[in-house]
Structure formats: structure tokens, C-alpha cells
1. Look at residue 73 and say whether it is touching a helix residue (DSSP H, G or I) at 6+ places or on another chain (Cβ under 8 Å), on the phi < 0 side of the Ramachandran plot and touching a residue at least 12 places away in the same chain (Cβ under 8 Å).
2. Considering (1) surrounded by 13 or more Cβ atoms within 10 Å (Cβ to Cβ); (2) under 25 Å from residue 13 (Cβ atoms), say which one residue 96 fails and leave the rest.
3. Go through (1) part of a helix (DSSP H, G or I); (2) touching a residue at least 12 places away in the same chain (Cβ under 8 Å); (3) more than 20 Å from residue 50 (Cβ to Cβ) and name the single condition residue 104 misses.
4. Answer yes or no as to whether residue 47 is modelled with pLDDT of 95 or more, over 27 Å from residue 1 (Cα atoms) and under 17 Å from the mean Cα position of the chain (by Cα).
5. Here is a list of conditions, (1) at pLDDT 95 or above; (2) in a helix (DSSP H, G or I), and residue 67 meets all of them except one; can you say which number that is?
6. Could we say that residue 9 is in contact (Cβ under 8 Å) with a residue 24 or more places away in the chain and out of contact with any helix residue (DSSP H, G or I) (no Cβ under 6 Å at 6 or more places or on another chain) here?
7. Checking residue 52 against (1) touching a helix residue (DSSP H, G or I) at 6+ places or on another chain (Cβ under 9 Å); (2) under 28 Å from residue 110 (Cα atoms); (3) surrounded by fewer than 16 Cβ atoms within 10 Å (Cβ to Cβ): exactly one of these is not met. Which one?
8. Considering only the range 70-93, how many residues are outside any helix (DSSP H, G or I) and exposed (fewer than 15 other Cβ atoms within 10 Å of the Cβ)?
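The values are calculated or read from the model by the stated rules, or taken from the named source; none is laboratory data. Please read these numbers as outputs of a predicted model, since none were measured by experiment. Here the Cβ positions follow ideal geometry from the backbone for every residue, glycine too, while neighbour counts run over all protein chains shown.
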């Protein structure tokens with residue numbers, strides 16, 4: 001669990017620093033670029049479709065983990081704003097709430113108990 005938590009922290013730091021540099025250089029106007037690259041049907045667009053698919057998968061996983069309750073729906077939709085750092089923070093908090101129990105971290109308390 002310690003290595004998993006270290007990986008999560010590394011991703012948070014790496015993406016956070018990279019994002020800060022990009023925002024400082026190019027601003028926050030991401031959406032026209034993101035969807036514009038998709039519309040061009042080139043490799044940057046392919047990467048964006050792949051990335052958006054992973055974000056969708058992460059959002060649905062978080063919603064499922066919370067059994068699609070209103071809180072889970074809200075936490076899931078935050079994936080589209082926070083990306084990988086948000087999912088890593090979510091999993092890091094979940095790992096501490098579960099006292100390092102991998103089954104409970106990934107499934108949630110109710111599903112892990114059954």
C-alpha cells in the first residue's frame with residue numbers, strides 16, 4: 001500500500017507541476033484546443049479521445065463505488081475537472097479511510113464487507 005500511495009503522490013506532483021507550467025505559459029483556455037484537436041482527426045486528437053475515455057471510466061468507477069448515490073455522482077463528475085490528480089487524491093483519501101485495506105479502498109466499505 002505504501003508504494004501505491006507513493007505512486008499516487010508522484011502522479012499528483014508531476015501532473016500538478018506540469019499543469020502549472022502550461023497554465024502559466026498558455027492560460028486556461030483548454031476546451032477549444034482539446035476538442036479542436038479531436039476534430040482534426042490527428043494524433044493529438046486521438047490522445048484526447050483516449051484520455052477522455054479514461055476520465056469517463058474513472059468517473060463511472062467513482063460513481064459505482066458510491067453506488068450511484070448523489071455524493072458519488074458529484075464526486076464522479078469532478079473527474080472531468082480534476083483529471084488524474086483528482087482521482088489520485090480520491091484514491092489516496094480512500095486508502096487512508098480504509099486503513100490500507102485494498103479491497104475496501106477499491107470496492108468501498110459496503111461492497112468489501114459482503
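1. Judged against the criteria, residue 73 is not a match.
2. It fails just one condition, (1).
3. Failing condition for residue 104: (2).
4. Yes.
5. Result: residue 67 passes all but (2).
6. Against the criterion (in contact (Cβ under 8 Å) with a residue 24 or more places away in the chain and out of contact with any helix residue (DSSP H, G or I) (no Cβ under 6 Å at 6 or more places or on another chain)), residue 9 qualifies.
7. Here residue 52 meets the rest and fails (2).
8. So the answer is 0.
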